[in-house]
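Heads up: the structure comes next, in structure tokens.
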Amino acid sequence: MASKKIKITFENFSITGLLHETSTAEKILKALPIKSKANLWGDEIYFSVNIDDKLDETAKEEVNEGDIGFWPEGPALCFFFGPTPISPPGKILPASAVNIVGKLEGDLSQLRTVKNAETIRIELEE
């Protein structure tokens, strides 16, 4: 499987993501299109997905700006674009370890305009 581009649509804008070649990313691709409601936690957007998986070799307890993570405890997909409430200065910490399944592309500052419970739709980018 080659890396796949996804289109992430919010109520007022869209952003592109690139899914890596991992087994969790493959499960996400098979579940597309995904429609869910945004939850906000600092500069993280997370939302429920109907995907069952465990932590894998990509799992991290500290992530980078733009990372797309899968949180098995949710289960949820997470978009990281800045510090969360538990992040020390200069670091981005999820609530607990997440599988890194991809990377957001483009202007991430738009993500700060997303509201709690806003609809999110993810589909394969043509």
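Here, each number is a calculation from the coordinates, and none is a lab measurement. Just so it is clear, the model here is predicted, and its values are computed rather than measured. All Cβ positions, glycine included, derive from the backbone under ideal geometry; neighbour counts span all protein chains shown.
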Worksheet entry | Mean ellipticity per residue at 222 nm, deg cm²/dmol - from DSSP H runs of n ≥ 4 across the chain, formula -39500 (n - 2.57) | -2000 deg cm²/dmol
Response to the item:
Contact order relative to length for segment 1-65, counting C-alpha pairs under 8 Å separated by 6 or more residues, stands in percent at 19
Discussion item. List the trypsin sites (Lys or Arg not before Pro) within segment 32-104 that DSSP assigns to loop and that have no more than 14 neighbouring Cβ atoms inside 10 Å.
Written reply: Lys54, Lys91
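Given 0.36 nm per residue, what is the gain on full extension from Glu61 to Glu123 after removing their alpha carbon distance, in nm?
19.6 nm is the gain from fully extending Glu61 to Glu123.
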Worksheet item: Considering the chain as a Gaussian network with a 10 Å cut-off on Cα pairs, which listed residue, Glu65, Glu21, Glu44, attains the greatest mean-square fluctuation?
Response: Glu21
Fill in: Karplus (6.51, -1.76, 1.60) ³J(HN,Hα), θ = phi - 60°, over segment 54-62, in Hz, Gly and Pro reported as x
10, 4, 10, 5, 8, 4, 9, 9, 10
Item to complete: Please state the charge dipole magnitude for the chain, taken about the Cα centre, from unit charges on C-beta atoms (+1 on K and R, -1 on D and E), reported in debye and rounded to the nearest 20.
Response: 300
Discussion item. In whole Hz and in residue order, list the ³J(HN,Hα) couplings for segment 88-94 that follow from phi through the Karplus curve 6.51 cos²θ - 1.76 cosθ + 1.60, θ = phi - 60°; x for Gly and Pro.
Written reply: x, x, x, 10, 10, 10, x
Discussion item. Under 5 Å between amide hydrogens, which residues at least 5 positions from Ala59 or on another chain qualify, with H placed 1.01 Å from N in the peptide plane?
Written reply: Ile100
Item to complete: Using Cα pairs closer than 8 Å and at least 6 residues apart in sequence, work out the relative contact order for the chain, in percent.
Response: 36
Practice prompt. Work out the charge dipole of the chain with +1 on the Cβ of Lys and Arg and -1 on the Cβ of Asp and Glu about the Cα centre, then indicate which of Leu93, Phe13, Ala25 is farthest towards its positive end.
Written response: Phe13
